[in-house]
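The values are calculated or read from the model by the stated rules, or taken from the named source; none is laboratory data. Just so you know, these numbers come straight off a predicted model, no measurement behind them. Every residue, glycine as well, gets a Cβ built from its backbone with ideal geometry; the counts of neighbours run over all protein chains shown. Note: accessible area is taken over every heavy atom of the protein model, side chains too, but ligands, DNA and RNA are not part of it. Shrake-Rupley method; radii C 1.70, N 1.55, O 1.52, S 1.80 Å.
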Amino acid sequence: MDSEPLKEADEDLVSEVNLTNSTMTEEERQEIQQELAKLEEEIGTLRQVLSSKEKQHAELKQQLGLTPLSELRNNFSRGWHDMQSSTAYKKTTETLSTAGQRTSAAFSTFGNTITRRFGDLRNSQSFKSFEEKVENTVSTIKTKVGGTGPGGSFEEVLSSAANASSQDTPTNNLTDSSERPC
């Protein structure tokens, strides 16, 4: 047996076979055919009425200036309003607001903690000891270089150290091998 669906012509043939082979009388058969014809006529009439009503509907919308675009805009606006008034939207907005506030507070606390820690570090005995060692080293360098003394800046000390080291290095008076005459 074929597994293909029945075609329309096959369905008509089957219905005719059923009508002719059934135990219906000729009178009952004609009555059913008349009822079928009447229904088909009513369907045609309803289609005409519907078509007329659709035309009238379109004309009235055109007179009011309602275009498909304006209807779409109104539907979108109504949908947006409905969404904003929904419980899920309100809960989501509330949750995001709370999360933003908490995140802001966390970053603020983190920044304050970092600032306080740097202040604590600067005031710690270890940092003060390190700072004193650096000052002593700079003072020693100034003294050894013979610079401006304790009142000079760090840049001045570096500059004088550079000058002193350049005076101590011997200059190379030999000419480059490519410049020698042959």
Rounded to the nearest 0.05, what FRET efficiency do Ala106 and Thr140 give with R0 = 45 Å and r taken as the Cβ-Cβ distance? Could you check? 0.45
Largest to smallest accessible area among Arg73, Arg102 [probe 1.4 Å]: Arg102, Arg73
Between Lys133 and Lys55, with labels modelled 7 Å along Cα→Cβ, what's the label distance in nm to one decimal, could you check? 10.2
P(r) of region 94-140 over all Cα-Cα pairs, 10 Å bins starting at 0, rounded to whole percent, reads 24, 25, 20, 15, 11, 5, 0
Starting from the coordinates of the alpha-carbon atoms of region 27-66, obtain the Kirkwood hydrodynamic radius over all distinct pairs and give the value in Å to one decimal. 12.2
Which value, in Å² and to the nearest 10, is the accessible area of Ser104 when all protein chains are kept and the probe is 1.4 Å? 70
